[in-house]
Each structure stands twice: as C-alpha cells, then as structure tokens.
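Below is one structure, written out as structure tokens; the observations come after it.
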Amino acid sequence: MQILQKVLSARDQVMGLAICRAAGVSLGTRVRFHGSPIVTRVEHSTISVGARSVLISDSRYTALGVRSPTILRTLMRGAHLRIGEDVGLSGAVVCAALAVVIGNGCLIGADVMIFDNDFHPVDHPARRYSTQDDASQFAPVVIESNVFIGARSIICKGVTIGQNSVIGAGSVVTRSVPENSVYAGSPAKFIRKLGPIPA
C-alpha cells in the first residue's frame, strides 16, 4: 500500500507540474500537488504560486475531502492571480478577472471560493449575455498573510482580509475584515479579536 501511495503521489506531482507549466503558471520551488488541479490562464494575464505551497485536488489528502479539484483561473487579459509562499489550498476555486492576491502562510480550507467579479450583472437581460465591460462588476481581492479561511466559505469581490485573521467555515464575506480578527456567518460578522502573532 505504501508503494502504491508513493506511485500515486509521484504521478500527482508530475501531472500538477505539467498542467501548470502548460498554462504558463509561474511556480516557486517545492510546490506540491495532490491530485490534478484545473488551471486556465487567459492570454496576457498572470498566475503565480509561491514556494512550498500545496494544492490539494483529491479527497484522500484532506480530512474534509474536496468536492472538486483546486481551480485557478484568470478571466480577462491583464488579470493577475498571485498565491504567496507556504499557502495551502484544498479544492479551492480562485477566479481573477482583475486581481486576486493571497499572502504568505495562508490556509484556504476545503471548497472555498474566492473571486473578484460578479460573473453576471443583476439586471435582466444583461445577466444572461454579459460582455463583462461594466467596471462596477470588478474589484480586487486581497488576502493578507497568515489568514485561515474555513471550509466552504465564499470571499466576494472587493474584499481585503487583514493579516492573521480567521474566517469561520461556511461564511460569505462581502466586506473587508481587519487584521487579527475572527469573522463568521452569512454575511460574515465580527466574532472576536485575536492577539497579534509574537515577533
């Protein structure tokens, strides 16, 4: 069984690297893959993944399992999706039409969704035939360092989550979160402060 596990892990690593390289992703050293991610990069946009980050796309490698592979996508020319160093993503979906930045040391729980756009306008009939040319549909997302986002949370456009903060599982975050704070719920609300990380 251990031999089979090593063979599967080696296959995952080779496939993950090949998928990312074929999509033009900039990879830091020792990025690890468990299962094969889905990666789509629009021409003249950028995706980067920092050193020692881990992308989990297979339920065998995380206690909660994942409903889908990790998905990294840029949606428009000029977009950038940047994942820092030592970041863990488990079946997360990250879509950038403008900019999504995830800082160093973040934990992105199972099936979290992060996006910087509305995908479709609210008004009918535009919502069905959107051309994505309305600037109000887009706003960058910034997740600062050492943030933990609990499973199945949704981080919406225009949100900044301050360093060291925690988002409770199943939350919908529509407004920015200050550093060293716990937020949870739908919509996410303040729960309590956290002490700063010792220097």
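Is there a residue in segment 14-23 that is surrounded by fewer than 14 Cβ atoms within 10 Å (Cβ to Cβ), of a type outside the set (Val, Ile, Thr) and in a loop (DSSP other than H, G, I, E, B)? First the steps, then the outcome.
In the first step, residues of segment 14-23 are kept if they are surrounded by fewer than 14 Cβ atoms within 10 Å (Cβ to Cβ); the result is 14, 18, 21-22.
Pick out the ones that are also of a type outside the set (Val, Ile, Thr) and you get 18, 21-22.
Pick out the ones that are also in a loop (DSSP other than H, G, I, E, B) and you get none.
No: segment 14-23 contains no residue that is surrounded by fewer than 14 Cβ atoms within 10 Å (Cβ to Cβ), of a type outside the set (Val, Ile, Thr) and in a loop (DSSP other than H, G, I, E, B).
Being in a strand (DSSP E or B) and more than 26 Å from VAL166 (Cβ to Cβ) narrows it down to one residue among VAL7, VAL39; which is it? Spell out the reasoning first.
On the way: VAL7 fails: in a strand (DSSP E or B).
Only one candidate passes the filter, namely VAL39.
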Of the residues in segment 159-169, those that are more than 15 Å from the chain's Cα centre (by Cα) and either within 14 Å of ALA110 (Cβ to Cβ) or modelled with pLDDT under 95 (or both) number 1
Between residues in segment 45-70 that are under 13 Å from VAL93 (Cβ atoms) and residues that are of a type in the set (Val, Ile, Thr) and surrounded by fewer than 19 Cβ atoms within 10 Å (Cβ to Cβ), which pairs lie under 9 Å by C-beta distance while being six or more apart or on different chains? SER57/ILE38; SER57/ILE71; SER68/ILE38; PRO69/ILE38; THR70/ILE38
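The values are calculated or read from the model by the stated rules, or taken from the named source; none is laboratory data. The structure presented is a predicted model; accordingly, all values stated were derived computationally and were not measured. Every residue, glycine among them, receives a Cβ derived from its backbone with ideal geometry; neighbour counts consider all protein chains shown.
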